[in-house]
Structures are given as structure tokens and as C-alpha cells.
Amino acid sequence: MDGIFKIKSFGWQELAILYAPGITPRAATQRLTMWVKNNQNLAESLKEKGWIKGQRLLTPVQVKLIVDYLGEP
């Protein structure tokens, strides 16, 4: 990556790894899932934008929401 985060479609695990590059992909995925689950406003906003639990591909709109709540990875 060129140092500038770009909003685009990401796989859930792909985005999770960007947020937690120093841990295993599985642990990063679990961590991102926990962050979303524990942030009721984020979870509700994602659901309003069509996200469902277990969805593997995030739309750019859904990625933007996550970044708005969690900051850039």
C-alpha cells in the first residue's frame, strides 16, 4: 500500500489484517468481529447498509462506516 488508505471493497479478513497486521489472519478477523459486535452503533449502521453477519465481502460504503468508527487501519 502506498501509505494512503483507499475506501474500496475489502474482504472481511483482508480489512481485519490491515487493522491488526501483527497477529494471525484468524485472530485479526476475530478481533474485527468483536470490535463491530461490541460497538452497537457501528453494528446497526452496517446492518442499515446491508451488512449481515458472516458476510465475507464488504462494500465501499460498509468499509467507510468501519473507518468512520474505528479510524483508518
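Summary table
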{"item": "Note, ³J(HN,Hα) from phi for segment 48-54, Karplus 6.51, -1.76, 1.60, rounded to Hz, x at Gly and Pro", "result": "5, 9, x, 6, 10, 3, x"}
{"item": "Relative contact order of the chain, defined on C-alpha pairs under 8 angstrom at six or more residues apart (%)", "result": "42 percent"}
{"item": "Charge context of Ser9, other residues only, Cβ under 14 angstrom, K/R +1, D/E -1", "result": "+4"}
{"item": "Interchain or long-range residues, amide H under 5 Å from Phe10's placed H", "result": "Leu58"}
{"item": "Rough spin-label spacing in nm, given labels placed 7 Å along Cα→Cβ, for Thr24 and Lys8", "result": "2.9 nm"}
{"item": "Low-density loop positions, trypsin sites (Lys or Arg not before Pro), the chain - DSSP coil, at most 11 other Cβ in 10 Å", "result": "Lys6, Lys8, Lys53, Arg56"}
{"item": "For the chain, the fraction of alpha-carbon pairs in successive 10 Å shells from zero, as %", "result": "20, 60, 20, 0"}
{"item": "Nearby aspartates and glutamates by direct alpha-carbon distance to Lys6 (threshold 14 angstrom, same-chain neighbours under 8 apart not counted)", "result": "Glu14, Asp68, Glu72"}
{"item": "Charged-residue dipole, Cβ positions (Lys, Arg, Asp, Glu), the chain about Cα centre, Debye nearest 20", "result": "260 debye"}
{"item": "Extension gain (nm, one decimal) between Asn39 and Gln55, 0.36 nm per residue minus Cα-Cα", "result": "4.0 nm"}
{"item": "Whole-Hz couplings from phi, Karplus 6.51/-1.76/1.60, listed for segment 11-27; x for Gly and Pro", "result": "x, 4, 5, 4, 5, 4, 5, 5, 6, 9, x, x, 10, 5, x, 5, 5"}
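Any read-out appearing in this document is the output of simple, stated calculations on the displayed coordinates, not a laboratory observation. No experiment lies behind these values; they were computed from the predicted model shown. Methodologically, a virtual Cβ is constructed for each residue, glycine included, from the backbone with ideal geometry; neighbour enumeration extends over all protein chains shown.
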